[in-house]
Amino acid sequence: MRPFIQNQKGAALPVVLGIIVVGTLVGIGLLGFLFNEISKSQTVTESIQAKYAAEAGAETLLSVIEHKPADLIDIQKKSCSAEKVSSKKMNGYDLVLKCSMTEKNVKLTSTASDEQSHTTTVTLDVTKTSPLELKVSSWE
């Protein structure tokens, strides 16, 4: 019986080249998947940072109301302004702080924006006007 291939010199070359090609294709696919996951992770991290920066801005407004309410609220005019609050940046995020008032409640809004953005809204019920007493009714 005669062997199918009489001269097998160089037979390993196509096999090795095939393995290299398949390995390279799998490696490229895994790298693409890895970079996609890193990008998603970065987006989630930035979103969480924006959320906490917005919440820190809302906490700043609450602190001002607690210690110096006259800096934000004019109870006679039933108006509220966050312009006197100096915190315009938080952890690299630009903050937009707003305050509005009705007869029954005060609404504080803090928006943090950079790569991602987030808005935190705190609603305070006016329980007493003289002296001013407020109670947090919602935090979103």
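Computed log10 I(q)/I(0) for the chain at 0.17, 0.19, 0.21, 0.22 Å⁻¹: -0.91, -1.03, -1.15, -1.21, from the Debye equation with unit scatterers placed on every C-alpha and solvent omitted. So what is the relative contact order of the chain, in percent, for Cα pairs below 8 Å that sit 6 or more residues apart? Relative contact order of the chain: 18 percent. Taking the Cα atoms of region 56-118, the ratio Rg/Rh between the radius of gyration and the Kirkwood radius comes to 1.00. If only the Cβ of Lys and Arg carry +1 and only the Cβ of Asp and Glu carry -1, the dipole of region 71-121 around its Cα centre is close to 240 debye.
Principal-axis analysis of the Cα atoms of the chain puts helix 12-67 at an angle of about 10° to the longest axis. When only the Cβ of Lys, Arg, Asp and Glu is charged (+1, +1, -1, -1), the dipole of the chain relative to its Cα centre reaches about 440 debye.
All of the numbers you see were taken from the coordinates with simple rules; none came from a lab. None of these values were measured; they are calculated from a predicted model. Positions of Cβ are backbone-derived with ideal geometry, glycine not excepted, and every protein chain shown enters the neighbour counts.
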